[in-house]
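Where a number appears in this text, it was derived from the coordinates with a stated rule and is not lab data. Since we're looking at a predicted model, the values are computed, not measured. Cβ placement follows ideal geometry from the backbone for every residue including glycine, while neighbour counts extend to all protein chains displayed.
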4 protein chains.
Amino acid sequence: MDAENRLILNCGGVRHETYKTTLKKIPATRLSRLTEALGNYDPVLNEYFFDRHPGVFAQILNYYRTGKLHYPTDVCGPLFEEELEYWGLDANQVEPCCWMTYTQVRSGHYTSIQQSFVPNKIRGLRAFPNALFPLAIIPFFKKSIFPELG
Amino acid sequence: MDAENRLILNCGGVRHETYKTTLKKIPATRLSRLTEALGNYDPVLNEYFFDRHPGVFAQILNYYRTGKLHYPTDVCGPLFEEELEYWGLDANQVEPCCWMTYTQVRSGHYTSIQQSFVPNKIRGLRAFPNALFPLAIIPFFKKSIFPELG
Amino acid sequence: MDAENRLILNCGGVRHETYKTTLKKIPATRLSRLTEALGNYDPVLNEYFFDRHPGVFAQILNYYRTGKLHYPTDVCGPLFEEELEYWGLDANQVEPCCWMTYTQVRSGHYTSIQQSFVPNKIRGLRAFPNALFPLAIIPFFKKSIFPELG
Amino acid sequence: MDAENRLILNCGGVRHETYKTTLKKIPATRLSRLTEALGNYDPVLNEYFFDRHPGVFAQILNYYRTGKLHYPTDVCGPLFEEELEYWGLDANQVEPCCWMTYTQVRSGHYTSIQQSFVPNKIRGLRAFPNALFPLAIIPFFKKSIFPELG
């Protein structure tokens, strides 16, 4: 039962596998609309080919698997956002822990710091990005690291 | 002898291999309890399939191989902790060098900074996270970088 | 039609796939000049072999796919620049968001901070590296994190 | 000629390939001493199996390929150093650009900051870690980012 529901996505040469039902979780996106009639479907290998970054794609698929959009930290924000755009995904859905990596670069520069930084879906939210947390906590530990400097 | 003891774990399309004995090292977890009777076992390919993040899984398996839980730094803490939960692993076992990446996000916000930050198993320990070390050492080098600014 | 245009690049054991037309996008480089007469072409497997870092190569190919050169952040700048040199690519083409990772290490030390940091192609440009943005925005949020400290 | 000299290293399930001559570049290490008589050699698949981290191994092999030891930044220093030890490599050979990631954790804590930080081979050297460079250069740009704040 399991095997029939499986699907191979050859992304830049690296084979990713998931369930067909997983791809339906985020509707109206490139991956939710795959059909074997597409030009990039290979009936012999029974896979879809995409000429895209294979490593970043793991993070794209993870969004379908878990329902949460996290940014990878091994590539810069703009690169990931270009991939999100290709896959038809909404960068505004990024989780709070990844706000720091989120950047709006549509116009090539930052028009307004406050506005560009916070994604639409989370305006007014009181949660704070986890990514900042390590920086914030340093003062608390300072004394215990270098007591002789304190 | 070696080959019989081997096992293939297809995680999101990427084949990982390890020894069966390696998976027994951390008992009462999803991977230590694998049996061929499971629905995700494929007798033809002789492998287990999991619809999860293939890259992060390398770090999960490394915990079994080395007995030490290190966080990857190419994904954010909450993403990794969701994977830990899926695999039935205890985030509290994280090594001191990875404390900075460790975050407790169960309630969606930080109730108490001091309490949430330090994992249970290491409370009261005097060792200090390696991740902070680079930040701490900067002042020592400052003079040798920009002597003209000193 | 699709399959004929495809090409397999075995980089350090990991198979990457792309379109032949993709490799023509950046002319006069190692990848744009591939021919089956080369010693590293394998007619049986129909692939080219390169004894190079397989992970970093995803970022190299992404440059051909998107036309934008982004630095990976899972390896240090000098390592990536050595790969760029091998593939005959110009490190000066790096996107503004990755300037922070860009380093000129030809002489083994920094002769001039201002000059070595900014790539030739972007001198005088007013855009600012996204990578700095997170650091710059911290003060705005400081009060809302630790109101009791403010 | 090329194919005979090739070698497959199955590291945790991921096949890495390199030239036999590449592995001879760093003598007296686990990889330079491989022979088909070893228990982990598979004559059918013509490969060697190692139950280790597949991603980190790309960085290990890169040391053999380029002669330069760079630390990956997607895993913490201690994890990488445990891999270096397994492969019989000397962490002291790390390049200056990766000093920040280099940590001596043999005794479980830092006995002396100045001593533990700088690898033996580079004591007294005047070059400065590239990793610190981004932090150092921030003040120079500060004015051009937020002229209204200056």
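Mind checking D:67-74 for the average number of partner chain beta-carbons within 10 Å of each residue's beta-carbon?
Mean number of neighbouring Cβ atoms from other chains: 6.
For the rotation that brings chain B onto chain A, whose beta-carbon in chain B is nearest the axis, and what is that distance in whole angstrom?
Nearest residue, distance rounded to whole Å: B:ASP74, 3.
Per residue of D:15-24, what is the mean number of Cβ atoms on other protein chains within 10 angstrom of that residue's Cβ?
3
Can you give the mean number of other chain Cβ atoms that lie within 10 Å of the Cβ atoms in peptide B:92-100?
Across B:92-100, the average partner-chain Cβ count within 10 Å equals 3.
Put a dot 7 Å past each Cα toward the Cβ at A:GLU4 and B:LEU38; how far apart are the dots in nm?
It works out to 2.3 nm between the two label points.
Put a point 7 Å out from Cα along the line to Cβ at D:ALA3; what are the distances to that point in the other copies, in nm, shortest first?
Its label point is 2.2, 2.2, 3.1 nm from the equivalent points in the other copies.
Semi-axes of the equivalent ellipsoid of the range D:1-85: what are they in whole Å, largest first, if each equals the square root of 5 times a C-alpha gyration tensor eigenvalue?
22, 15, 12
Please report, for A:GLY39, the nm distances (one decimal) from its label point, 7 Å out from Cα along the beta-carbon direction, to the equivalent points in the remaining copies, shortest first.
Ordered by distance, the counterparts are at 3.8, 3.8, 5.4 nm.
If amide H atoms are built 1.01 Å from N in the plane of the peptide, which residues on other chains or at least 5 residues away come under 5 Å of the amide H of B:ARG52?
Correct list: B:GLY12.
Could you tell me the center-to-center distance, by alpha carbons, between the range B:8-81 and the range A:62-90 in angstrom?
Going from one Cα centre to the other spans 23 Å.
If each label sits 7 angstrom from Cα along the C-beta direction, how far apart, in nm, is C:LYS24 from its counterparts in the other copies?
So the distances to the same position in the other copies read 4.1, 4.1, 5.8 nm.
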